[in-house]
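Participant: Supplied in structure tokens, the structure appears directly below.
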Amino acid sequence: MGAPRVRFAPSPTGYLHVGNARTALFNWLFARKHNGVFVLRIEDTDEERSRSSLVDGILSGLSWLGMDPDEGPYRQSERTDRYAEVVEQLWEDGYLYACDCSREDVLARTRNNPTPGYDGYCRERELERGPRTALRFRTPDTGSTVVHDIIRGDVEFPHAAMEDFVCVKSTGQPLFVLANVVDDRDTKITHVIRGEDLLPTTPKGLLIWSALDERDSVPLPAFAHLPMLVNEQRKKLSKRRDQVAVEYYRDRGFLAEAFRNYLALLGWSPPGDREKVDVETLIREFRLEDVHRAGAFFDVKKLTHLNGEYIRELSTAEFIDAVRPWVAPEPERGWAPATGTPPWPAERFDEQIFAEMAPLVQERISVLSEVPSMVDFLFLDEPVIDEQAWSERVARDPRAQQILRSAIEAYEHCDWDRTAIQAATRAVVEMAGTNLSKGQAPIRLAVTGRAVGPPLFEPLELLGRTEVLRRLRSALSRVEAV
RNA sequence: GGCCCCAUCGUCUAGUGGCCAAGGACACCACCCUCUCAAGGUGGAGACACGGGUUCGAAUCCCGUUGGGGCUGCCA
């Protein structure tokens, strides 16, 4: 095989859809593996989709995942002259005919037709082309078209069940099925790797392809139709019900490497009992013929777990760098999540303190957006109290007051480092007749505001004796008040 | 309705006629570790949709049934 040329051809929707991201990934992996070319083409023949702002999200999504195109983006909206030329040729060669039927006409006429769809009413009417006529492709009445699919084998479509489909709108605009074929030919695409939802339209494209071959023969690409990504109801991902924008996952704090790794696992798997594999392995091991045929559920839980593994594998420095958009965003200097800013004033963020906490936080999260709520108490004047936890662990616990009071006394005198604080705390809770496991709760609530979080004694040390004592006294007076 | 695709644990999958009394991962349960929570460790429960063939032998091949999905636009 010579250097293959593949293309990712989304319609512009404003964001990169996860299903499309998976399609792009499989195209990209195939191209990288075979030293081929990854072409990006924007399918915006429909004027409503041709606003260029709708392309930006796709570009940034691809870029985030490390799949910048080698060529393109080509925009179909910029190639109308070329399509017009092809339409002229097809018309002259007798493959197209004009049709002035409205949608209602067609529907009314085909209601009793055994094979729904257009019935070929205008086929022999020899209408002239005009501003009110669409152009239909004259499909053969007999025989069939076979799609040779790398993943599915040969799929046969009888022509008898194929209607004379519209190729050109009455406005003169070409439709997707035509533009798609013209572009694949003109850009010498060798492998068409796309979603299975396009399988039924493939024979139409093939018919156009061979009609065009009459004047200029171009080798047919190989086809590979990937299984759909589905939701928990086994339906294809919809933007109405499902979180389909890649951006959404980036905002939540998924790492590009983890996201890409997870996407690769949908419909394919690397050899051996392993799933967490680096991109080089993905490229080396990926084979189109090994792609699974059934639809795959996009499982955020599994993605989340994998992301946690990737996060834990980062060095502390890399981790700090990766979380920066969530703890110290600088929107004017780089990317920042669209989901909001940290709960503390930007000037209160302390790089040193955060660096101390980072390793403790890193091993407890699976998405980066979890970080702010784990360290907010360090950068806020007052901790945000989880009232439910407070009432359970402090207000309603008879030992809480004693623990808080003794902790204050102990902390006034003990050495101020994590080890000493822990030892002092252990003595306090044991004196109160409990253990560190249960007894630390009131202290944690008083200082961090929450019942759960990173280990307690490090942040106590970082916060400083004075501030810790202040928070403990404040908490104590609150319990004593009731 | 028509055409097409698909079918291994709840989920993603390994399996391409004997190595499968079906392996891994997520999720779930239990235990261990432990300052909370995670992480980690150990163990557990959990699947070849069904029915016919073919074969000495089938999760693997064929047919049918059932179930799911996609397409059926002058969207892509």
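Participant: Between rounded, prolate and oblate, where does segment A:159-208 land on the alpha carbon gyration tensor, with a ≥ b ≥ c its root eigenvalues, rounded for a/c under 1.5, else prolate if a/b exceeds b/c?
Facilitator: Oblate.
Participant: How far is helix A:316-327 tilted, in degrees, relative to the longest principal axis of the Cα atoms in chain A, given as a value from 0 to 90 rounded to the nearest 10?
Facilitator: 80
Participant: Once fully extended, how much extra length lies between A:D213 and A:N435, figured as 0.36 nm per residue of separation less the alpha-carbon to alpha-carbon distance?
Facilitator: Taking A:D213 through A:N435 to full extension adds about 71.7 nm, to one decimal.
Participant: Could you pull out every Cys in chain A that lacks a partner Cys with its beta carbon under 4.7 Å away?
Facilitator: A:C101, A:C167, A:C414
Participant: Then there's this: Suppose each label sits 7 Å from its Cα in the direction of the beta carbon; what would the A:E85-A:K33 distance come out to in nanometres?
Facilitator: For the pair A:E85/A:K33, the computed spacing is 3.5 nm.
Participant: Report the full-extension gain for the segment A:H148 to A:D386: residue separation times 0.36 nm, less the Cα-Cα distance, to one decimal in nm.
Facilitator: Stretched fully, the A:H148-A:D386 segment lengthens by 79.6 nm.
Participant: Using alpha carbons only, how many angstrom separate the centre of segment A:462-482 from the centre of segment A:77-149?
Facilitator: Their Cα centres are 79 Å away from one another.
Participant: Of the peptides A:378-387, A:95-104, how do they stack up when ordered by the mean number of other Cβ atoms within 10 Å, highest first?
Facilitator: For the peptides A:378-387, A:95-104, the packing ranking is A:95-104, A:378-387.
Participant: Follow-up. How do A:C167, A:C122 line up, fewest other C-beta atoms within 10 Å first?
Facilitator: Going from sparsest to densest Cβ surroundings: A:C122, A:C167.
Participant: Among the lysines, which fall within straight-line cross-link reach of A:K236, defined as a Cα-Cα distance under 21 Å, with same-chain neighbours fewer than 8 residues apart omitted?
Facilitator: Within reach: A:K301, A:K302.
Participant: Still on this structure, I have one more. Taking the dipole about the Cα centre of chain A, with the C-beta of Lys and Arg at +1 and of Asp and Glu at -1, give me whichever of A:G453, A:A407, A:S269 is farthest to the positive side.
Facilitator: Working it through, the farthest residue towards the positive pole turns out to be A:A407.
Participant: Give me the extension gain from A:A346 to A:I283: residue separation times 0.36 nm, minus the current Cα-Cα distance, reported in nm with one decimal.
Facilitator: My answer for the length gained is 18.5 nm.
Participant: Under the Karplus relation 6.51 cos²θ - 1.76 cosθ + 1.60, θ = phi - 60°, what is the ordered set of whole-Hz ³J(HN,Hα) values for segment A:5-14, x standing for Gly and Pro?
Facilitator: 10, 10, 9, 10, 10, x, 8, x, 10, x
Participant: Sorted by mean Cβ packing within 10 Å, highest first, what order do the peptides A:3-16, A:340-353, A:321-334 take?
Facilitator: Sorting A:3-16, A:340-353, A:321-334 by mean packing, highest first, produces A:3-16, A:321-334, A:340-353.
Participant: Further, regarding this structure: About the Cα centre of chain A, what is the dipole size in debye to 20, counting +1 per Lys and Arg Cβ and -1 per Asp and Glu Cβ, all else neutral?
Facilitator: Roughly 1180 debye for chain A.
Participant: Which order do peptides A:24-37, A:198-211 fall in by mean Cβ count within 10 Å, highest first?
Facilitator: A:24-37, A:198-211
Participant: Going by alpha carbons, how many degrees (0 to 90, nearest 10) lie between the helix axis of A:400-413 and the longest principal axis of chain A?
Facilitator: So the helix axis and the longest Cα principal axis differ by about 70 degrees.
Rule-based calculations on the coordinates, nothing more; no lab input. Just so it is clear, the model here is predicted, and its values are computed rather than measured. All Cβ positions, glycine included, derive from the backbone under ideal geometry; neighbour counts span all protein chains shown.
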